[in-house]
Every structure is written in C-alpha cells, then in structure tokens.
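Step one of this worksheet: look at the structure below.
The values are calculated or read from the model by the stated rules, or taken from the named source; none is laboratory data. Predicted model only: the values in this text are computed from it and were never measured. Cβ placement follows ideal geometry from the backbone for every residue including glycine, while neighbour counts extend to all protein chains displayed. To get the accessible areas, we keep the full protein, side chains included, count just its heavy atoms, and leave off ligands, DNA and RNA. Shrake-Rupley method; radii C 1.70, N 1.55, O 1.52, S 1.80 Å.
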Amino acid sequence: MTAIGNHERDYVSSGSVYQTPDSGGECGVPYETYFPMPTSAKDKPWYSIEQASVHFTVISTEHDWSINSQQYEWMKKDMASVNRQHTPWLVFMGHRPIISEFGYLRAHATKNDLNLEFVTSDTREVKDSFRITK
C-alpha cells in the first residue's frame with residue numbers, strides 16, 4: 001500500500017492544495033506504473049482495503065480533504081461503512097503529517113540554495129524562514 005505524496009503530485013497547475021515549487025511531480029508516472037493502487041479514478045488517489053480484521057483508509061494529503069470536500073465525504077462514507085464487529089481495527093493514513101500542534105517545516109532546494117519555512121498548522125501562515133546559499 002502506498003499513499004500519493006508531494007513528489008508524485010505537486011507540480012504547477014496540478015490542483016494540489018499546496019502552493020509550492022515542489023518536485024514537479026517527477027515521480028508520478030513511475031509511482032502509478034509500479035505501484036497501482038485500487039483507486040476509483042486517476043485523479044482520486046484515495047482508497048481503502050481490508051486485510052483480515054484490519055480496514056485501511058488511505059487518503060491523498062495532496063488533494064483537498066477539508067470538511068465537505070469530495071475526499072472528506074468519501075472518507076466519512078468509507079469509515080462509516082466498516083463493520084467494527086467483523087473488522088475491529090481501522091488504520092487511517094496519508095503521506096504528510098496530519099496532526100501537528102504547532103506546524104510543519106516546508107523546504108525547497110535547488111542547486112544553489114535551500115529555503116526553509118516554518119508554517120503554522122491552523123492558518124498556514126509562514127512564521128519563520130531562512131535561506132542557505134552555496
């Protein structure tokens with residue numbers, strides 16, 4: 001099982017929820033070729049499977065999963081459909097950290113410099129940043 005991440009998704013005009021000059025999606029084709037997952041559509045890379053007594057719900061943190069989004073509605077329906085008497089364990093996962101009290105570190109590297117930003121979780125505001133140059 002895999003969960004799509006920034007190297008498979010984040011490129012200009014991709015519809016990613018992150019507005020960064022990230023990887024350019026350079027791993028997207030190999031990822032989809034070598035690791036096909038049971039998704040409902042190419043641009044809906046979220047899915048669920050059951051293995052024995054465990055239900056796995058895998059989301060795309062690169063797509064909108066905020067309240068009332070298409071993915072959020074799918075998550076609600078998927079997890080509500082699990083018969084917890086038959087399948088007591090539910091594992092929920094995605095690529096990026098989901099819960100952080102303070103925020104996350106966003107990085108962008110080129111041949112000549114490294115830019116780092118500390119972004120708050122609740123507002124997505126850049127609180128601090130620095131740049132390292134060659």
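Only one entry in SER48, SER60 is touching a helix residue (DSSP H, G or I) at 6+ places or on another chain (Cβ under 9 Å), part of a loop (DSSP other than H, G, I, E, B) and within 24 Å of HIS7 (Cβ to Cβ), namely SER60. Return yes or no: is LYS42 charged (D, E, K, R), open to solvent by 90 Å² or more (accessible area, probe 1.4 Å) and in contact with a helix residue (DSSP H, G or I) (Cβ under 9 Å, 6 or more places away or on another chain)? Here the answer is yes, as LYS42 does meet what is asked. Within segment 81-97, being open to solvent by less than 80 Å² (accessible area, probe 1.4 Å) and of a type outside the set (D, E, K, R) holds for VAL82, THR87, PRO88, LEU90, VAL91, PHE92, MET93, GLY94.
Counting only residues that are farther than 15 Å from THR61 by Cβ and in a loop (DSSP other than H, G, I, E, B), which one in segment 33-42 is modelled with the highest pLDDT? Once the filter is applied, the top-ranked residue is PRO38.
ARG131 fulfils the conditions (1) more than 28 Å from PHE35 (Cα to Cα); (2) surrounded by 15 or more Cβ atoms within 10 Å (Cβ to Cβ) except for a single criterion, (2). Annotation: PHE35 fulfils all but one of (1) open to solvent by 90 Å² or more (accessible area, probe 1.4 Å); (2) in contact with a strand residue (DSSP E or B) (Cβ under 7 Å, 6 or more places away or on another chain); the unmet one is (2). Filtering segment 63-76 to residues that are free of Cβ contacts under 8 Å to residues at least 24 places away in the same chain and part of a helix (DSSP H, G or I) leaves TYR72, GLU73, LYS76. From the list SER23, SER60, SER53, SER14, the one residue that fits, being under 30 Å from ASP128 (Cβ atoms) and modelled with pLDDT of 85 or more, is SER60.
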